[in-house]
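Chemist: What follows is a single structure, and I will ask about it in a moment.
The values are calculated or read from the model by the stated rules, or taken from the named source; none is laboratory data. Not measured: the values here are computed from a predicted model. Note that we place each Cβ from the backbone using ideal geometry, even for glycine, and neighbour counts take in every protein chain shown.
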Amino acid sequence: MAEVDTSRGVSAPGRARISARTLREDRWWLQPLVTFVCFSAWLLYGLVRTATQRNYYVEDYGYLTPFASPCVSTSCVPGSSHFGTPFGDFPPLVPLAILTLPFLLLFRLTCYYYRKAYYRSFWLSPPACAVAEPHASYSGETRFPLIVQNVHRYFFYAAVVVSLINTYDFLQAFHGRDGGFGIGLGTLIIGANVVLLWCYTLGCHSCRNIVGGRLNHFSRHPVRYRMWGWVSRLNERHMQFAWVTLGSLVATDAYIALVSAGVISDLRFVN
Ligand code: FES
């Protein structure tokens, strides 16, 4: 059995000896509970949608759900493979967007905001400010496996590529019934989702460091300083974009699924 390191964590020397787990009397448990329920529900939805491989494309209007983009298998329905089909048929349960989904998942999993959220809500480490965690020791992100969180910057690069792919999918959604130009409610929903995804991606802490970090004098780098200012404004709202994009991804996917299944008709503005 691994030895418990009592030099760190809540029982470390120098920490106040308080027998109660917390002295807080407010509902400190509510936020981690809501986070736990929402993340679990989102993961379940994403898992079901990517594994079932149904109703992910609306051929008439070129709508492709981000959960199946890019569709890279010969199993993909005609028209949905915007970047070709380098792979053969996928067996059941294998996601059609196998090339990008692992990177997107790891991008979010290693995101500084999500780390805080799931460390609190799933691992209770700690569940809230001024509430002792149940674990006897604490090593932070200094050891395996959590030290791997430090590769977040590389998943950011991958996420930029995926956002470009999503942007291309959005351009493909300007497709009308007769094969020409068209705009529908689905086009607007896909577009809004892409804008929000860019706001989340470019507001990344790693992006902020890439754009404006390691400079001694902003005055000598006016372009980077300007860009750093834009990224910083997105970064201030990173938590909000993290949540909103979870919702916009589900809303976009659900809308496309409903139109594709014939449950609802797309509201058309042009063609
Ligand atoms: Fe959240 Fe990079 S810190 S995406």
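Chemist: Exactly one condition in (1) modelled with pLDDT of 95 or more; (2) farther than 26 Å from ALA257 by Cβ is not met by ARG214; state its number.
Modeler: Status for ARG214: all satisfied but (1).
Chemist: Looking at the structure I just gave you, is LEU171 modelled with pLDDT of 95 or more, under 18 Å from the mean Cα position of the chain (by Cα) and in a helix (DSSP H, G or I)? Even if it seems obvious, please write down each step before you answer.
Modeler: On the way: modelled with pLDDT of 95 or more: yes; under 18 Å from the mean Cα position of the chain (by Cα): no; in a helix (DSSP H, G or I): yes.
Criteria not met by LEU171.
Chemist: Between PHE107, PHE144, which is part of a helix (DSSP H, G or I) and either within 16 Å of the ligand (Cβ to nearest atom) or at pLDDT below 95 (or both)? Spell out how you get there, then give the answer.
Modeler: On the way: PHE144 fails: part of a helix (DSSP H, G or I).
Among PHE107, PHE144, only PHE107 is part of a helix (DSSP H, G or I) and either within 16 Å of the ligand (Cβ to nearest atom) or at pLDDT below 95 (or both).
Chemist: Can you find, within segment 174-233, the residue that is nearest to the ligand (Cβ to nearest atom) among those that are part of a loop (DSSP other than H, G, I, E, B) and touching a Leu at 6+ places or on another chain (Cβ under 9 Å)?
Modeler: Residues of segment 174-233 part of a loop (DSSP other than H, G, I, E, B): 174-182, 203-204, 213-217, 221.
Applying the additional criterion that residues be touching a Leu at 6+ places or on another chain (Cβ under 9 Å) yields 203-204, 221.
Numbers: GLY203: 7, CYS204: 3, HIS221: 22 Å.
Among those that are part of a loop (DSSP other than H, G, I, E, B) and touching a Leu at 6+ places or on another chain (Cβ under 9 Å), it is CYS204.
Chemist: Ok, one more. Do you know which residues across segment 34-69 are surrounded by fewer than 22 Cβ atoms within 10 Å (Cβ to Cβ) and among the β-branched types (Val, Ile, Thr)?
Modeler: Passing the criteria: VAL34, THR35, VAL37, VAL48, THR50, THR52.
Chemist: Please indicate, with yes or no, whether at least one residue in segment 128-137 is within 16 Å of the ligand (Cβ to nearest atom) and either modelled with pLDDT of 95 or more or out of contact with any helix residue (DSSP H, G or I) (no Cβ under 8 Å at 6 or more places or on another chain) (or both).
Modeler: Filtering segment 128-137 for residues within 16 Å of the ligand (Cβ to nearest atom) gives none.
Among the residues of segment 128-137, not one is within 16 Å of the ligand (Cβ to nearest atom) and either modelled with pLDDT of 95 or more or out of contact with any helix residue (DSSP H, G or I) (no Cβ under 8 Å at 6 or more places or on another chain) (or both), which makes the answer no.
Chemist: Okay, next question. What is the residue count in segment 60-75 for residues that are assigned to a loop (DSSP other than H, G, I, E, B) and under 17 Å from ASN166 (Cα atoms)? Don't jump to the end; show me each part of the working.
Modeler: We begin by selecting, within segment 60-75, every residue assigned to a loop (DSSP other than H, G, I, E, B); these are 60-62, 65, 69-72, 74-75.
Narrowing the set further to residues that are under 17 Å from ASN166 (Cα atoms) leaves 61-62, 65, 69-72.
Residues that pass the stated criteria total 7.
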